[in-house]
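Below is one structure, written out as structure tokens, with a few remarks after it.
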Amino acid sequence: MKNISFVFTLLTLFLLACESKPKYAEPSPVDKMVRDMSNEKTFSVILHDMQVNDSTGTDVYQHKYKVTKNTTDSTSAPVVTDWKQVDEVFFAENLDNMGLELASKSPDGKVHKVPSPPGFNGYVGNNNYGQWRNDSSGNSFWAFYGQYMFMSSMFNMMSRPTYRSSYTGYRSYRNSPSTRNAPYYGTGRNTYGTNSPSTRASNPNFFQRKQQQSKLSSFRQKVRSNPSRYSRSSSSRTSRTSSRSSGSSSRSRGGSFGK
């Protein structure tokens, strides 16, 4: 009888442990797109929108992505995907990352999978595509050459200039061992990411969905109250490494949707 009771206790603890962490699926929609676009010379995948859909009675976590193939060609217009279901952990990892580039392939053929400001991997700072200029106040900003002006719209740079100080900060951030795999939100609060001016300008509909704002704020509070629940175990996958930094950054940055 004691043995049966002991086994039952172990089974109960095991089931509770299984429920303590939400399951996640691999590969993510972003991983699948990177795989499917492996033969493209360049591409960009930006997190365009997100929502918690409970129409079935169960919370379903969804993303939309803005995808551009052959980003150096002005005729290659970005395409916004339909809603794609993502797992709860991946959704939590990217709460602050709307408007960021979750994956890209730069002109040198290198694939990047750490959330970054769009265009920072391969285009901003690259003299093949533009140059640094000074505004009337003496601030240095990035200006694409005429034939590449379309990139300003493609990379959501129309609402705010990309200043050299921010890009220099990005390069330092990426070169530091402690932050090289962490999302970059800029040198100031909300310069890039979900609540940034560029994201608000590129997807105003997200901030007009008040009911969705409430759902996302509630989910954010759930993540803050139990961050370990939403962190993946370490593995070779880059996005897992960045997710732990994203989670801590999300908690330290604070803020709420639509504010």
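Judged by the mean number of other Cβ atoms found within 10 Å, the most tightly packed of the peptides 130-138, 27-35 leads the ranking 27-35, 130-138. Annotation: Cα Rg of segment 115-244 relative to the compact-globule expectation 2.2 N^0.38 Å equals 1.23.
Taking a Cβ cut-off of under 10 Å around D49, the surrounding Lys, Arg, Asp and Glu residues balance to a net charge of +3, with basic ones at +1 and acidic ones at -1. Here the relative contact order of segment 71-230, from alpha carbon pairs under 8 Å that lie six or more residues apart, stands at 22 percent. Find how many whole Å separate the alpha carbon centroid of segment 202-233 from the alpha carbon centroid of segment 164-187. Centre-to-centre distance over Cα atoms comes out at 24 Å. Amide hydrogen proximity for A103: with H placed 1.01 Å from N in the peptide plane, the residues at 5 or more positions away or on another chain lying under 5 Å are V45.
Measuring how big segment 128-192 is from its alpha-carbon positions, Rg and Dmax come out at 13.0, 37 Å. Residue ranges 220-229, 161-170 sort as 161-170, 220-229 when ordered by packing (mean number of other C-beta atoms within 10 Å per residue, highest first).
Equivalent ellipsoid of segment 30-139: semi-axes from √(5λ) of the C-alpha gyration tensor, largest first, are 29, 17, 12 Å.
The phi-based Karplus calculation (6.51 cos²θ - 1.76 cosθ + 1.60; θ = phi - 60°) puts the 3J(HN,Hα) values of segment 134-142 at 10, 7, 5, 9, x, 7, 7, 10, 8 Hz, whole numbers, x for Gly and Pro.
Which net charge results for the neighbourhood of N205, defined as the other residues with beta-carbon distances under 11 angstrom from its beta-carbon, given Lys and Arg at +1 and Asp and Glu at -1?
Its environment carries a net charge of +2.
Every number in this text was worked out from the coordinates using simple rules, so none of it is lab data. None of the values given here were measured: they were computed from a predicted structure. Because the Cβ atoms are built from the backbone with ideal geometry, glycine has one as well, and the counts that use them run over all protein chains shown.
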